Structures are given as structure tokens and as C-alpha cells.
Amino acid sequence: MQFRFHIVRLLLGSIAILAPAQNASISLSLAGTVHDTSGAVIVGAEVTLTTQDGQVVAQGVSDSAGNFRFAKISANPYTVDVTQTGFREVKQQITLTSKPRSPLRIVLPVASVKQEVTVVGSDSSAQISTEIGQNQSGNMVDSNALDRLPVFDQDYITTMSRFLDPDLSGTNGTTLVVNGVEANGPGVTASAIQSVKINQNPYTALYSRPGRARIEITTKGGTPQLHGSANLLYRNSVFDAKNAFAVTKPAEERTYLEGSLTGSLSHGKKTTFLVALDTDNDHQQAIVNAAGPDGPINTNVPNPTDHYFLSGRVFHDYGQGNQFWVGYSYEHQTVQNRGVGGTVLQEAGTDTLFFEHEVNVGHIYVISPKLLNQLHFLVGHFDNQIDSLNDNPQVVVSGAFTGGGAQADFRRTEYHFDGTDIVTYTSGKHEIKFGVDIPDISRRGFDDFRYQQGSYSFASLDDYTAALPFTYLVQSGQGHVTFLETTFAGIFEDNFRPRQNLSLSYGVRYYWQNYFHDIPWNFAPRFSFAYAPQAKGKTVIRGGAGFFFDRTGPAPISDLLHFNGVTLKKFIVNSPSYPVTPAELAGVPTSVVELDPRQRIPYTIQYGVGIEQQLNAMSSMFANCVGARGIDMFRSIDVNAPPPPDYAARPNANLGQQRQMQSEGYLKSNALEVGFRGRPAKFLTGQARYNLGKTYNNTSGITYFPANSYYPMDDWSRSDNDQRNKFDMLASAEAGKWFNFGTALSAYSGKSVNVTTGNDDNRDGLAIDRPAGVPRNTMHGPSYLSLDLNVAHEFPLTKEGPKGPSATLTLNSFNVLNHPNDMTYIGVVGSPFFGQAVAAQPPRMMQLNLEFKF
């Protein structure tokens, strides 16, 4: 026994002595994922693993899901070095031990480095993946791709907006998300935009609206080296075609100067800056095409816009992917003769002034390899003033002309705060995001001085000549109100990858808004999946569904506070004299605005399923079936309208129009979309999408009234934005060193047009009545066709060639085919223009761009 004891003790001692040497030789593995600051994965990032003395142990690139993995590594301290073009290099210190380690999450901040030419739809973006956020039906272009496309007036947002679905935008319009936060504008000039995305990860819980109702912009950051760009845009109508409705060609000119500069502010180059500015003088003209009592009215009216913008940002990187930045921006814009054109005469136009100050703050903090916190918020002051060109009463002759005065004096001010704080936790096969999103906390002021002198409405030119208006509207009282608008959202989302060929995402978003709310039911679940039938196959099936709650925005709140029967009084007089007499106004009751006691927050359910197919290493295509249902949609009803059949008098004689905001509308939409993205040939890159869809509803938003408030379901018909066929393409080509060629093609079938009598037949104060037996939106509007082209040549300015400073000269041509592209048709039966257009989109226009980069 004593001998055995000594043998056991000797063996145990030997194991203890040898253990450290054995651990040092254990074969370990290291895995991770590379993301950008928005959370999207980065494909093709170079990952290098080095020892403390700089010896390279392993190298690789992130795959189509942003993942990388190194095997057969010994237990030691290492540095993980990650680089990718367009992003800043990140180095992360780690120590490998025998203890199991969760996958790394490495976040690359965006850089502003001058890159080689990247054309639309890079090779990596066309590679299908089971990553939830890498759906091929999304539309994404980076800054260099945008430089190779024909972009009208350097307006990247409008260029990409062709891929949006306006019926999914909600009451507050399309959502603009900048660096993860809802904003009024991008906060930088065009050259400081890194990328623009639409419909990326359409069912994520991180955002309030579905993919086709939001634009995501990522802006550039600072760089350690000094880089900059300057763009000069010039356009003159001498080189353009004549507007289809202009008798004489209008003299127009636009000069736009824009640029950005970035570099280091410290010797260690960890503190960098980005400044951007633009100045824009757009001297356009509006085309009036109206009919007056003495005959046609056709004239050109100056419609100049002057705009300038300035922003500055400072970034500080303090290691391990951590970054803090702060920025300030100022924007100022004036527009003269706004609203003029078509049947609106110059005398009924307005002058507008807009300016905004904004401060942005961002912080990315890698708490641990598993835990990341992203904080971003902004505060700002906004002021928008509208002044009528004269104080005369407004005169509206249905479908013929609008004259007199605009009666549109209005001012809106606000102090606002928007922000998000999102925590990302990665553990095994799960990536969990949770946090808060505050789309808006604002102190708003509304000064409503509209219709102080009133507005007369006439059904026809004959009635105008006979001085027989069918209604007169006037407002008086206190036009100023202030209020606090608050919206809040709580977020939870889990991206789960149970297998390499299967990804799941499920989450929920809680929504709350003051004034319009129905706590506690505003939970919006979201779900999506991506599945590859074969682990290394070329096919991915993906789909999802989600609830998306609406937001009202401030205007309906202003109406509730203004038109409460006391503050600001609105009077509607039926069949008044022209001009109206004080005696006629004396006995008219005021109109009010109220909320339906049963009001609920509207929501949209969107769902879809599709298939993606890899065609080759650089190209893919997709086909999706997408549906949407709008539940409890906003609309307005006059609950005090004169009842049928004779429509003689209002039920409550002490009130005029009693507008009630309701949640009773419905929307139904179905669509089939097919598309392509990638590089079909070595020199050609692009993306295209065709959409066959149909959308029906019985409301167009919270300010919409049905033709007859007693029969609102009679308004069920085609949506105002319904377009059965839509085709869009963006593409670019390289002709060696000679030139780059870009094109944009859009071809749409016509939207619907509502046919009305032009009169107030049911005496509710609204000229929206339709002829008997005619459903809403039955007229087919004009189709749309536009082909835009550009040709660019880059001139190296030094012996460094394409990698050094350069100048690029670009000639753009928009609407090359000079298709007339009528805006819409007049649907007023008694109008001299019934079934015709009175305004058109711009004709063929030429634009010269000169860009310097260093």
C-alpha cells in the first residue's frame, strides 16, 4: 500500500508539472464576424492574426456572411488586425487559452479614403448569403458607385427614392435613417455620404418602417491622412429641350458647388475631422398653364432656390474599435414663387425661408468581445416660414386656375431630440440587439395665419364670371400654439444561426406616442428567415413578416390644438355672396377638429417570401412575392355633414364642419418583384428591378375625407400611388482608361386619377364630390419613361496615376429621349382641361460636373 501511494503521488506530480507545456501546444480555433457601424456584415474584409512580436500566424477574409475562422492555433496573446477598403483599420488584442471562447465581433468604422473605382452593385454585394440583412432585393450603392451614375443635381436621396413604395410610408412620410438615427436630412453634403440603402433587412425591429419605406444613409468619417473632394455642377437651359407646356423656352441656370475635407487633428492620428459644405443657386422657372375668364394663361414665372449648408465633425478613436464623435451642421434655404405652376398663378404663390441648426453625437464602445454599445443622438433647432406674395383673398376655380392670394402664411418652429442606444450581445449562434429608439422629442411651435382674408371656391369659369362661389372659407383667432411631441420605442431582436445554411431573426418593437396612443397594445413583432437548401448551394429562400405602427407627425396635433372651437376659428359659408358680407358671416358656426374616442394607432402588416439564385461569382437574381395589409388606417370624417338624401342642413346647427380623425381605413397590396444585381460582363455592373403590383385602399392619410362622410366605404378603390408596372435600372460600364459610362432607366405605368364634379354637391364644405356612379380613382394617369446617361473621364493630376489626386469631368443628360412625362391629368369634369395634363416633368436637360479628389 505504501508503495502504491508513492507511485500515485509521483504520477500526479508529473501531470501537474507537464500541464503548462501541454496547454501551450493545445490546438485551438478562433472565429468572429466583421460588421460596419450600422450592424451590417462586411464581406471580403482582410483578417490577419499576429503574435505580440508581429509574426503573422494566420490570414484570411470574411465570407459572404461576414464570418472568419482560424484553426490549429496555440494558446498565446495575439493581435487581430482587420482591414477593408472604405473602412478604418481595427486592431483588437486577445489572449487564447484552453477555455472555450465566443466568436469575436469586430466593428469597422467608415473611412473617407480615396478608393479605386467601385461601380454599382459590387461583386460581394451580388453574392447570395443566408445572412438576414443581405437580401438581394435590397438596393445599395456606395459613394463611388453614385459618382458613376447620372445623379440629377447631386441629389442621391431622390435618385434612390425610385425604389421606395409610397403607400408604405405612413402618415409622416418616408423615414430617413442616418447612421442609425431618424433625421430630417443627411447632415452632410453629397461627397461625405458613404452609402445609401433601401430595403436592407426589411423586417428588422431596429426601425419603425418596413424596408421599402425607409432610406438608410451611412456617412463618412475622418481619416488619418488628408483627403478631400470638390464638385462643381453647372446647368443652363441653352442646352436643354423646351418644357412641353412652355410657349417660350424659360431661361434657367443652376450653379452648385460642394466639397468635403478630412484629415488628422493629432500627431497620433487618433483624432480626425470631416468638414463639408455646399452652396447652390438654382434659378429655375415655373410654367403656368391655366384657363381664365379671358382665355388661356401661359407664362413663365421665376422660381429661384438659394441654398447653402455647412457641417463639421470631429472623431476620436481610442482603441479596440471604440470611437466618439461630435458634429455640428447649419442649413439655410430660400424659395421664391413656391407653389406656382400648372393652374396656380404667380399671384397665388409664396416665398419660403428654412433654416436648421443640428448637433450630432455618436459613441461606439466595445465593452467586451461579446458586448457592443452604440449610442447616437442629435439635437436641433428648425424654423420654416411661409409668406404669401399678397394678402388678397384666394380664388379657386376648379380645374381652371387658382389666383388672388395664396392665403398660406404659416410658420413652424421646433427644438428636437432624436436618438438611439442599442446594445449588441453575441453568444454562440445568437446575436441579440436590444435598446431604445427615440424618433422624436420635440417642442414645436405652429403659427397658423392662413385664410385670414378667406378663400372663394367656384365650380366653373362660368360661375366665376357670374360671381357665384359655392363656398367661402375664412379663419380668425389665435394662430399660435406650442406643444411637446414625444415618441418612444423599445427594441429587442435576436439573429439566430442554428445552422450554417439557416438564419432566423425574431424580435419585437414597442411603440408609444403622446396625443395618439392606445397603451398597452402597440407591440410590433417581426420575423424573417434565410435558408439555403444546400449548405454550399447557389440558392437561398428567404421571407418574413412584421407589424409596423404608424406615426402622425406634428401637423394633426397642431390641428387638434388650433381648431378646438376656441383658439383658432374656421368658418365655412355655403353659397356666399362675392364678396362675402359681414351679415353672412355673423351667424356661421365655427368648425372643429377632434379625435374619435375609438381612435387607435394604425399599423401595417407586411409579409413576403422569395428566392435568390447565384448566377455566377459576380451576379445574382431574385424573385419575391410581397403583400401588405393596412389596418385601422387614419382618415378624417365630417360627423356633422348634412345628411342624405337632400343634404339640406347640418345635424348640429351650433357647429360647422366637425372633422373627426378616425382609425377606420384599410389598405391591401400585393406585388411580384424580380430583379438582378451584379456584373453580367467584365466591364458592366448594375442592378435592375421590375415590380408588378396592385394596391387598393379607402384613405390616403389622416387629412383625407371620403367624398361622402356617410358612405366612406364607397371610396374603396385603387390607391393614389397605385402603379401596376414599374421598372428601374441603374448601371455603369468601364471603357478601359478612356471613360466611364452610367445609365438610369425608369419606366412606369400611370397612377390613378380621381374624377370629381368640382362642386360641393353635398354641402359639406369640400369640393371632392364625384359624379353619380363614378368610383374613386377610375381615370388612368399618364405613364412615365426616363432614360438618363452620363459619360465621365478621369484625369490623373500627378505621376501616381489613379491612386493620386485626380480631376473627373462628367457630362450628364437626363430624360435623353425627351419623353413629355405629364405629371397627372385634371379630373374635374367641368374643367377646360378635363382628362388632360397641365404640367410635366423636366424635359431633356444637360448637366456638367467637374470633380477634384485628392
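Observations
- Taking the range 621-657 as the range and being under 19 Å from GLY701 (Cβ atoms), open to solvent by less than 40 Å² (accessible area, probe 1.4 Å) and in contact (Cβ under 8 Å) with a residue 60 or more places away in the chain as the test, the residues that pass are ALA628, GLY630, MET633, PHE634, ARG635, SER636, ILE637, ASP638, GLN657.
- Selection within the range 275-328 - at positive phi and either in contact with an Asp or Glu (Cβ under 7 Å, 6 or more places away or on another chain) or open to solvent by less than 60 Å² (accessible area, probe 1.4 Å) (or both): GLY295, GLY319, GLY321
- Out of GLU594, GLU584, one residue alone is in contact with a helix residue (DSSP H, G or I) (Cβ under 8 Å, 6 or more places away or on another chain) and over 13 Å from SER476 (Cβ atoms). It is GLU594.
- For the range 427-441, a residue qualifies if it is in a strand (DSSP E or B) and touching a Ser or Thr at 6+ places or on another chain (Cβ under 8 Å), and the qualifying residues are SER427, GLU431, ILE432, LYS433, GLY435, VAL436, ASP437, ILE438, PRO439, ASP440, ILE441.
- For the range 480-528, a tally of residues being open to solvent by less than 40 Å² (accessible area, probe 1.4 Å) and in contact with a helix residue (DSSP H, G or I) (Cβ under 9 Å, 6 or more places away or on another chain) returns 5.
- Whether a residue is among the aromatic types (Phe, Trp, Tyr), crowded, with 22+ Cβ neighbours inside 10 Å and in contact with a strand residue (DSSP E or B) (Cβ under 8 Å, 6 or more places away or on another chain) was assessed, and TYR256 does not pass this test.
- Enumerated strands (runs of 3 or more DSSP E) restricted to the range 345-426, each holding at least 1 residues that are open to solvent by 20 Å² or more (accessible area, probe 1.4 Å), closer than 30 Å to ASP769 by Cβ and among the hydrophobic types (A, V, I, L, M, F, W, C): 371-388, 394-397
- Residues that are of a type in the set (Ser, Thr, Tyr) and under 25 Å from ILE422 (Cβ atoms) do not occur anywhere in the range 582-593.
- The number of residues in the range 513-547 being under 16 Å from ASP632 (Cβ atoms) and under 24 Å from the mean Cα position of the chain (by Cα) comes to 6.
Here's the yes/no breakdown for (1) open to solvent by 30 Å² or more (accessible area, probe 1.4 Å); (2) in a strand (DSSP E or B); (3) modelled with pLDDT under 85:
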residue: VAL120; (1), (2), (3): no, no, yes
residue: ARG162; (1), (2), (3): yes, no, no
residue: LEU176; (1), (2), (3): no, yes, no
residue: SER195; (1), (2), (3): no, yes, no
residue: SER208; (1), (2), (3): no, no, no
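- Residues located in the range 816-854, provided they are touching a Pro at 6+ places or on another chain (Cβ under 9 Å) and on the phi > 0 side of the Ramachandran plot: ASN818, ASN821
- If the condition is being open to solvent by less than 20 Å² (accessible area, probe 1.4 Å) and outside any strand (DSSP E or B), then the range 680-700 contributes ASN698, THR699.
- Across the range 701-722, the number of residues qualifying as surrounded by 16 or more Cβ atoms within 10 Å (Cβ to Cβ) and either under 20 Å from GLN657 (Cα atoms) or not polar (S, T, N, Q) (or both) comes to 15.
- Yes/no for LYS853 being farther than 15 Å from ASP153 by Cα, out of contact with any strand residue (DSSP E or B) (no Cβ under 6 Å at 6 or more places or on another chain) and basic (Lys, Arg): no
- On the stretch given as the range 375-424, residues that are of a type in the set (Val, Ile, Thr) and touching a helix residue (DSSP H, G or I) at 6+ places or on another chain (Cβ under 8 Å) total 3.
- Of the numbered criteria (1) of a type outside the set (Phe, Trp, Tyr); (2) over 30 Å from ARG509 (Cα atoms); (3) modelled with pLDDT under 95; (4) in a strand (DSSP E or B), the one HIS283 fails is (3).
- Residue count for the range 603-660 under the criterion of being within 30 Å of PHE676 (Cβ to Cβ) and among the aromatic types (Phe, Trp, Tyr): the result is 2.
- A residue that is assigned to a loop (DSSP other than H, G, I, E, B), more than 21 Å from THR420 (Cβ to Cβ), without any contact (Cβ under 8 Å) to a residue 60 or more places away in the chain and open to solvent by 20 Å² or more (accessible area, probe 1.4 Å) occurs somewhere in the range 235-248.
- Count of residues meeting criterion [among the aromatic types (Phe, Trp, Tyr) and more than 16 Å from ARG677 (Cα to Cα)] in the range 139-171: 2
Let's see how each residue does on (1) modelled with pLDDT under 95; (2) under 26 Å from LEU730 (Cα atoms); (3) open to solvent by 70 Å² or more (accessible area, probe 1.4 Å):
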residue	(1), (2), (3)
ILE768	no, no, no
PRO802	yes, yes, yes
SER806	yes, yes, no
ILE826	no, no, no
MET846	no, yes, no
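- Residue match in the range 444-465 (condition: among the polar types (S, T, N, Q), under 30 Å from TYR603 (Cβ atoms) and either out of contact with any His (no Cβ under 6 Å at 6 or more places or on another chain) or touching a residue at least 24 places away in the same chain (Cβ under 8 Å) (or both)): no
- Residues that are part of a strand (DSSP E or B) and of a type in the set (Ser, Thr, Tyr), drawn from the range 249-280: THR255, TYR256, SER260, THR262, SER264, THR271, THR272, THR279
The values are calculated or read from the model by the stated rules, or taken from the named source; none is laboratory data. Small disclaimer: the values here were computed from a predicted structure and weren't measured. Here Cβ is always computed from backbone atoms with ideal geometry, including for glycine, and neighbour counts include all displayed protein chains. Just so you know, the surface numbers come from the protein's heavy atoms only, side chains and all, with ligands and any DNA or RNA stripped out. Shrake-Rupley method; radii C 1.70, N 1.55, O 1.52, S 1.80 Å.
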